[in-house]
Amino acid sequence: MQNNNSQPEVIKVTEDFIGTRLDRFLKKNIPGIKQSHLEKLIGSGSIRVNKKKSKPNFQLEANQSVSIPPKLRENKFNFKLKHKYVPLNDDLEMIQKCKINETDDFLVLNKPSGLPVQGGSKVTRHIDGLLEHAFGKGKKFYLVHRLDRDTTGALLVAKNRIYAKKFSNYFKDKKISKKYLAIVCGKLEDKNGIIDLPLLKSKVNNEEKVIVDYNKGLKSVTKYKLLGSNENFSFLLLSPVTGRTHQLRVHLSKLGFPILGDDKYGGITVLNFKNQKATLQLHCLELIFPYKLNNKNIVYAEINPQMKNIINRLNLNQCLNRLEENILR
């Protein structure tokens, strides 16, 4: 970094920012600056990469030099301060107990039901907000995929930018596979099958939903295997080939076997025994992903107590035995 006040300030690009867009890199280094202001500076050549004019979406490489106008970072840009999130101690203890596996580069949680992965306009309690408080002040964690609020199971989180990018690319390139367990309404006869139905996000009666749309929908494929059933319910092992929003829920609903507890897509929520209310009975059991020299790193997430209890009450215990025997591998 140069000290002469008349000279541009130079910021070196570290490995953490490999592949990051220039404008996003600058926002990290110049808190509060607006996108429109950045684009003017970049467009005029006041901000350069290795002394060359670039575009806001230019992807950076390690050890490049980004020059910015002198004293730009000293400006007091007007920006809204985010409300400081102070988690409850009970939430911190809960999320710490959810840890399955941890290395220097990633963390895997067994996500509980009812806790969103990410915040929103009306969501203040979420996993993304708990991670830093639960697993290390000052550390940065990166979400690389999502599970629905009421879906439970294995959730992979990166602990640095390098692996955030790697894992995101692995998901895009289908190098990460997931297996889910689901209790569905209805007796499924087929032992296994493939659901190939194109999906589209849409609004139905002013509610955001995912629908099957043969004209505009994106290709969506789910493989399933039947672990067991009774007259009213079936227990399935699911392998999504694609990763669309609500894919498993919509595919099974369209097949005529909505997931137990999924009132959004037609699943019943109250069981006959003791009027027990069921949350969404969908669990991410397994994640398989490359990590360093191991191309098949496997992480399992234990089935939560509510799903186990429902399996027992529905007399589907034999399904768990089959799962443990790995006959479906």
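The values are calculated or read from the model by the stated rules, or taken from the named source; none is laboratory data. What you see is a predicted model, and the numbers here were worked out from it, not measured in a lab. Reconstructed Cβ throughout: ideal geometry from the backbone, glycine too, with neighbour counts over all protein chains shown. For the accessible areas, the whole protein counts, side chains as well, though only heavy atoms, and no ligand, DNA or RNA atoms are used. Shrake-Rupley method; radii C 1.70, N 1.55, O 1.52, S 1.80 Å.
Annotations
- Ordering of 20-27, 249-256, 205-212 by burial proxy (mean other Cβ atoms within 10 Å per residue, highest first): 249-256, 20-27, 205-212
- Projecting the Cα positions of Ile310, Ala164, Cys185 onto the charge dipole of the chain (unit charges on Cβ atoms of Lys, Arg, Asp and Glu, taken about the Cα centre) puts Ala164 furthest along the positive direction.
- Only one item in [x] 62, 41, 34; [y] 80, 48, 44; [z] 63, 43, 39 matches Cα extents along the principal axes in Å derived from the coordinates shown, and that item is [y].
- Neighbour cut-off at most 14 other Cβ (10 Å), DSSP loop, GluC sites (Glu not before Pro), segment 94-191: Glu189
- The phi-based Karplus calculation (6.51 cos²θ - 1.76 cosθ + 1.60; θ = phi - 60°) puts the 3J(HN,Hα) values of segment 186-200 at x, 9, 7, 8, 5, 5, 7, x, 10, 9, 10, 9, x, 10, 9 Hz, whole numbers, x for Gly and Pro.
- Projected label points at Lys201 and Asn101, each 7 Å from Cα along the beta carbon direction, are separated by 3.0 nanometres.
- Test item: Cα-centred dipole of segment 164-218, Lys/Arg +1 and Asp/Glu -1 on Cβ, debye: 460 debye
- Label-point separation, Asn29 to Ser121 (7 Å along Cα→Cβ), nm: 3.5 nm
- Interchain or long-range residues, amide H under 5 Å from Gln64's placed H: Val13
- Heavy-atom accessible area, probed at 1.4 angstrom with all protein chains present, ranks His133, His145 as His133, His145, highest first.
- Charge tally in the Cβ shell below 13 Å around Ser253, where Lys, Arg are +1 and Asp, Glu are -1, Ser253 excluded: +2
- Derived scalar couplings ³J(HN,Hα) [segment 231-248; Karplus, 6.51 cos²θ - 1.76 cosθ + 1.60; whole Hz; x for Gly, Pro]: 5, 10, 9, 10, 10, 10, 9, 10, 10, x, 7, 10, x, 6, 4, 6, 4, 5
- Dipole magnitude for the chain: about 1280 debye, using +1 per Lys or Arg Cβ and -1 per Asp or Glu Cβ, origin at the Cα centre.
- Think of it as helices only: each DSSP H run of n ≥ 4 in the chain is worth -39500 (n - 2.57), and spread over all residues that comes to -6500 deg cm²/dmol at 222 nm.
- Distant-in-sequence amide H partners of Phe58 (H built 1.01 Å from N, under 5 Å): Leu22, Asp23
- Accessible area in the full protein assembly, largest first, 1.4 Å probe, for Phe106, Phe77: Phe77, Phe106
- Note on surface exposure: Phe58, Phe235, Phe257 rank Phe58, Phe257, Phe235 by accessible area, highest first, 1.4 Å probe.
- Close amide H contacts of Ile100 (hydrogens built in the peptide plane, cut-off under 5 Å, sequence separation of 5 or more or a different chain): Val108, Leu109, Asn110.
- Using θ = phi - 60° in the Karplus curve 6.51 cos²θ - 1.76 cosθ + 1.60, the 3J(HN,Hα) couplings for segment 109-118 round to 10, 9, 4, x, 6, x, 10, x, 6, 10 Hz; x is entered for Gly and Pro.
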